Amino acid sequence: MLERLRAARANEDGFTLIELLIVVVILGVLAGVVVFAVQAFNGDGKAAACNADWKSVETANEAFYAKTGGYAASPAALKTAGYLKDEPSTGNGYTIAITAGVVTATGACTH
């Protein structure tokens with residue numbers, strides 16, 4: 001019986017080193033494609049976040065003007081006055097500022 005098992009296993013072939021290397025290379029190429037595709041979505045997300053923050057600051061600045069008759073000096077002033085819950089984050093690749101009553105954004109915004 002032991003000799004039957006040895007004879008049956010003698011005909012079995014495994015993967016060669018070349019076949020395994022080809023599979024690893026294909027998986028590496030697929031992983032690279034996925035990484036670049038995800039980075040494109042990340043840029044779109046930053047642009048959307050910037051546009052949303054810009055619109056929030058603009059709306060809060062207009063509400064501040066309607067209530068006080070003057071524009072806020074900065075998003076921090078809008079937060080202090082209670083018109084914004086939080087200031088827009090500056091670590092996301094964009095900056096939102098208020099200059100002479102006009103809300104401006106630099107960086108990832110596309111508005």
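What follows is calculated from the coordinates using simple rules that are stated; it is not laboratory data. On a predicted model such as this, the values are computed, not experimentally measured, just so you know. Note that each Cβ is placed from the backbone with ideal geometry, even for glycine, and that neighbours are counted across all protein chains shown.
Some values worked out for this structure:
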| quantity | calculated |
| --- | --- |
| Matching residues, the range 59-85, being part of a helix (DSSP H, G or I) and among the aliphatic types (A, V, I, L, M) | Ala60, Ala63, Ala66, Ala76, Ala77, Leu78 |
| Conditions (1) surrounded by 10 or more Cβ atoms within 10 Å (Cβ to Cβ); (2) within 16 Å of the chain's Cα centre (by Cα); (3) assigned to a helix (DSSP H, G or I); number of the one not met by Pro88 | (3) |
| Condition met for Val23 (surrounded by 10 or more Cβ atoms within 10 Å (Cβ to Cβ), free of Cβ contacts under 8 Å to residues at least 60 places away in the same chain and of a type outside the set (Asp, Glu)) | yes |
| Candidates Asp13, Asp44 - the one that is farther than 27 Å from Thr95 by Cα and either free of Cβ contacts under 8 Å to residues at least 12 places away in the same chain or touching a strand residue (DSSP E or B) at 6+ places or on another chain (Cβ under 8 Å) (or both) | Asp13 |
| The range 94-111 residues that are at positive phi, paired with ones that are surrounded by 13 or more Cβ atoms within 10 Å (Cβ to Cβ) and part of a strand (DSSP E or B) (beta carbon under 8 Å, 6 or more apart) | Gly107/Tyr94; Gly107/Thr95 |
| Condition met for Thr68 (hydroxyl-bearing (Ser, Thr, Tyr) and over 19 Å from Ile96 (Cα atoms)) | yes |
| Among (1) surrounded by 10 or more Cβ atoms within 10 Å (Cβ to Cβ); (2) not in a helix (DSSP H, G or I), the one test that Ser56 misses | (2) |
| The range 61-85 - residue that is under 22 Å from Gly45 (Cα atoms) and in contact (Cβ under 8 Å) with a residue 12 or more places away in the chain and, of those, surrounded by the most Cβ atoms within 10 Å (Cβ to Cβ) | Pro75 |
| Complete set of residues in the range 74-91 that are hydrophobic (A, V, I, L, M, F, W, C) and over 15 Å from Thr104 (Cα atoms) | Ala77, Ala81, Leu84 |
